[in-house]
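Novice: My questions all concern the structure below.
The values are calculated or read from the model by the stated rules, or taken from the named source; none is laboratory data. Source: prediction; values computed, not measured. Neighbour counts run over all protein chains shown; Cβ positions are idealised from the backbone, glycine included. Accessible surface areas use protein heavy atoms only, side chains included; no ligands, DNA or RNA. Shrake-Rupley method; radii C 1.70, N 1.55, O 1.52, S 1.80 Å.
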Amino acid sequence: ALSLASAQSGTLTIATSADAPTLDPNLTFSGFAFGITNHIYDSLLTREADGSIKPRLATSWKRISPTTWRFELRRNVKFHDGTPFNAQAVKFSVERLIDPDSKAAGAYVLSMIKSIKVIDNDTIEFTTADPFAPLLAHLTHPVTAIVSPTAAKARGKDFGRSPVGTGPFKFTRWNSGNQIELEDNASYWGGKVKIQKLVFRIIPDISTQVV
């Protein structure tokens, strides 16, 4: 579990009971990881507290056949490495998640997708093997977050130690077993965030967290 520890001088410190195994959202199914990756990356859709599904990196969607969904993507968004977010990045991330060679524990979340078609830079289609009404809900899951193809390809297995997404915070430092640090993304498409720095402190003992 995560617990709020302090917020001062633009820095928010959060206590977490264990270190994240990786900060690669597609290749983990750890709550400790998602508690951090949710700040670094965005998914296509998000679920509000009332259960409603809202746009995130996808701005609109429609079902064009019983098995095919078309998504219009948010424009002029960049990853933290300066490369553009687009339909190719979505295709890369989803295929990376469901590729059997990835051996991703969360692959089942989107394993119903049988083909992905890039219509243009800002439009993508998913086709499922059978009609699958909960697809929108599944696309809100942290494991479906969109990663930078450029960074993921360049860093390979090390990508999970130096992650790159489109989210409100950018990764800056990871001291294994001690803390993970993020800083605000000044170019975040969702607007300026009010916290300059996020620090996740790994403190296994609950009573020590409180102190």
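Novice: Return the Rg/Rh ratio of the chain with Cα-based radii and a Kirkwood Rh. Can you show the working numbers first?
Specialist: Values: Rg = 17.3 Å, Rh = 17.7 Å.
Taking Rg over the Kirkwood Rh, I get 0.98.
Novice: Relative contact order of the stretch 1-134, please, whole-number percent, based on alpha carbon pairs below 8 angstrom and at least 6 residues apart. Mind showing how you got there, number by number?
Specialist: Working: 196 pairs, mean separation 24.9, N = 134.
Relative contact order comes out at 19 percent.
Novice: Sticking with this structure for a sec: For the stretch 12-105, how big is Rg over Rh, using alpha carbon atoms and the Kirkwood form of Rh?
Specialist: On the way: Rg = 15.2 Å, Rh = 15.4 Å.
Checking Rg against Rh, the ratio lands at 0.99.
Novice: Which order do the peptides 136-147, 43-54, 105-116 come out in when sorted by mean C-beta neighbours inside 10 angstrom, highest first? Before the final figure, lay out each step's value.
Specialist: Working: 136-147: 21.2, 43-54: 13.2, 105-116: 16.8.
Ranked from most to least packed, the peptides come out as 136-147, 105-116, 43-54.
Novice: For the chain, what number of Lys pairs, 8 or more residues apart or on separate chains, have alpha-carbon atoms under 15 Å from each other?
Specialist: Taking the chain as the scope, the lysine pair count is 11.
Novice: What ³J(HN,Hα) values, in whole Hz, does the Karplus curve 6.51 cos²θ - 1.76 cosθ + 1.60 give for the stretch 72-79 when θ = phi - 60°, with x put for Gly and Pro?
Specialist: The phi angles translate into 8, 9, 5, 9, 6, 9, 10, 6 Hz.
Novice: Round to the nearest 10 and give me the degree value, 0 to 90, for the angle of helix 87-98's Cα axis relative to the longest principal axis of the chain.
Specialist: Around 80 degrees separate the two axes.
Novice: Size of the dipole of the stretch 35-163 about the Cα centre, Lys and Arg at +1 and Asp and Glu at -1 on the beta carbon, nothing else charged, in debye to 20?
Specialist: Details: 18 positive and 13 negative charges, 28 e Å.
The calculation lands at about 140 debye.
Novice: Measure nothing but the geometry: give the 0 to 90° angle between the long axis through the Cα atoms of 31-40 and the longest principal axis through the Cα atoms of the chain, rounded to 10°.
Specialist: Helix 31-40 sits roughly 80 degrees off the main axis of the chain.
Novice: If you roll a 1.4 Å probe over the heavy atoms of the protein chains, what accessible area per residue do you get for the chain, in Å²? Write out the running numbers ahead of the final one.
Specialist: Details: 10260 Å² over 211 residues.
For the chain, the per-residue accessible area is 49 Å².
Novice: Sticking with this one: Please compute the contact order of the stretch 51-96 in relative form: average sequence separation of alpha-carbon pairs under 8 Å and at least six residues apart, divided by the residue count, as a percent. Kindly include the intermediate steps, with their values, before the conclusion.
Specialist: Values: 35 pairs, mean separation 10.8, N = 46.
Computed value for the stretch 51-96: 24 percent relative contact order.
Novice: Based on the Kirkwood radius over alpha-carbon pairs, what value in µm²/s does the Stokes-Einstein equation return for the translational diffusion coefficient of the stretch 108-211 at 37 °C and 0.692 mPa s? Provide the component values of the computation, followed by the final result.
Specialist: On the way: Rh = 17.0 Å.
D = 193 µm²/s.
Novice: Of P84, W69, G35, which is farthest towards the positive pole of the stretch 25-121's charge dipole, taken about the Cα centre with +1 and -1 on the beta-carbons of Lys, Arg and Asp, Glu respectively?
Specialist: Of the options given, the answer is W69.
Novice: Okay, moving on. Any idea how far the Cα center of the stretch 137-172 sits from the one of the stretch 45-104, in Å?
Specialist: When both Cα centres are located, 13 Å separates them.
Novice: Given Cα pairs under 8 Å that are at least 6 residues apart, what percent is the relative contact order of the stretch 161-202? Can you show the working numbers first?
Specialist: Details: 63 pairs, mean separation 14.6, N = 42.
The normalised contact order for the stretch 161-202 reaches 35 percent.
Novice: For the chain, with all protein chains present and a 1.4 Å probe, just round the carbon and sulfur fraction of the accessible area to a whole percent. Let's see the in-between values first.
Specialist: Working: 5250 of 10260 Å².
Carbon-and-sulfur percentage of accessible area, whole number: 51.
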